[in-house]
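All remarks here apply to the structure that follows.
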Ligand SMILES: Nc1nc2c(ncn2[C@@H]2O[C@H](COP(=O)(O)OP(=O)(O)OP(=O)(O)O)[C@@H](O)[C@H]2O)c(=O)[nH]1
Ligand SMILES: [Mg+2]
């Protein structure tokens, strides 16, 4: 077979399995650490249930993703997951879904592994939301997941601290709703309200333009250059205030 017809035939197979990001929607990418329960419990030596070095590695990973190529209007980090609202999602990497997903997962895996000094991997999924209100609901949903995870994790490690085995602690929490879990924590002398806000609310990241003052070396005139920095917000609002906060980022594509 001639080389060009072989290429045409092979390219057709590749193209048939290379879906495009749906046009016109609001694109969110969510990356999640693969097998991080094992990694955080057995491989790494971490504070439990929350660890600042782990959190900072996740935030650095989110920042690396924000600088990868696709424009990120807002990033949200909680536990081992990172959500990115892509403002040019339908266009990045020729809108090729597998290319977008694999590059984001690859960058996240590499950055986090370098930060923590051990091999770690992330998966990535892409969701296209038809309306901006769906995007707001999405981030409210992930934040409520952060709250539920934080409550569960504090209860679990409080029980472990009393000498319970992993199975006993898990069984002890099975079927307990949020109210019961809060009561349990209270009975064990722990107060979630005394913990840093980021544990229950996650951390938001967005781009901010900063003015950098300088001097033109030839004329000596004062100059102002704009520099793009990433702002981390570890004290996010909740409920309606968080919905407004997310809406502002969807509208402007950056911090307010
Ligand atoms: N010690 C510690 N563990 C953390 C921290 N943040 C997240 N984790 C753990 O990371 C794990 C994330 O869980 P999941 O993403 O649900 O589960 P997974 O094991 O990663 O499984 P898959 O995502 O399905 O591959 C949980 O076990 C959390 O307790 C932290 O700051 N400190
Ligand atoms: Mg995970």
(message) Being on the phi > 0 side of the Ramachandran plot and surrounded by fewer than 22 Cβ atoms within 10 Å (Cβ to Cβ) is the filter here; which residues of region 68-112 pass it?
(response) 69, 93, 94, 95
(request) Tell me which of these residue 22 doesn't satisfy, since it passes every other one: (1) surrounded by 10 or more Cβ atoms within 10 Å (Cβ to Cβ); (2) more than 16 Å from ligand 2 (Cβ to nearest atom); (3) modelled with pLDDT of 90 or more. (result) (3)
(request) Scan region 25-35 for residues that are crowded, with 20+ Cβ neighbours inside 10 Å and either within 16 Å of the chain's Cα centre (by Cα) or at pLDDT 95 or above (or both) and report the count. (result) 5
(request) Return only the number of the condition from (1) surrounded by fewer than 21 Cβ atoms within 10 Å (Cβ to Cβ); (2) more than 16 Å from ligand 2 (Cβ to nearest atom); (3) in contact (Cβ under 8 Å) with a residue 12 or more places away in the chain; (4) farther than 22 Å from residue 141 by Cα that residue 121 does not satisfy. (result) (2)
(request) Quick one: which residue in 38, 55 is surrounded by fewer than 16 Cβ atoms within 10 Å (Cβ to Cβ) and either under 23 Å from residue 247 (Cα atoms) or within 9 Å of ligand 1 (Cβ to nearest atom) (or both)? (result) 38
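Yes or no, residue by residue, for (1) under 19 Å from residue 83 (Cβ atoms); (2) surrounded by fewer than 16 Cβ atoms within 10 Å (Cβ to Cβ):
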residue: 132; (1), (2): yes, yes
residue: 135; (1), (2): yes, no
residue: 139; (1), (2): yes, no
residue: 155; (1), (2): no, no
residue: 159; (1), (2): no, no
residue: 170; (1), (2): no, yes
residue: 178; (1), (2): no, yes
residue: 187; (1), (2): no, yes
(request) Name every residue in region 39-83 that is at pLDDT below 95 and within 12 Å of ligand 2 (Cβ to nearest atom), in order of residue number. (result) none
(message) Please count how many residues of region 124-161 are within 16 Å of ligand 2 (Cβ to nearest atom), within 13 Å of the chain's Cα centre (by Cα) and assigned to a helix (DSSP H, G or I).
(response) 3
(message) Here are the criteria: (1) farther than 19 Å from residue 205 by Cα; (2) at pLDDT below 95. Tell me which single one residue 87 does not satisfy.
(response) (1)
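The values are calculated or read from the model by the stated rules, or taken from the named source; none is laboratory data. Please read these numbers as outputs of a predicted model, since none were measured by experiment. No Cβ is skipped: glycine too gets one built from the backbone with ideal geometry, and neighbour counts run over all protein chains shown.
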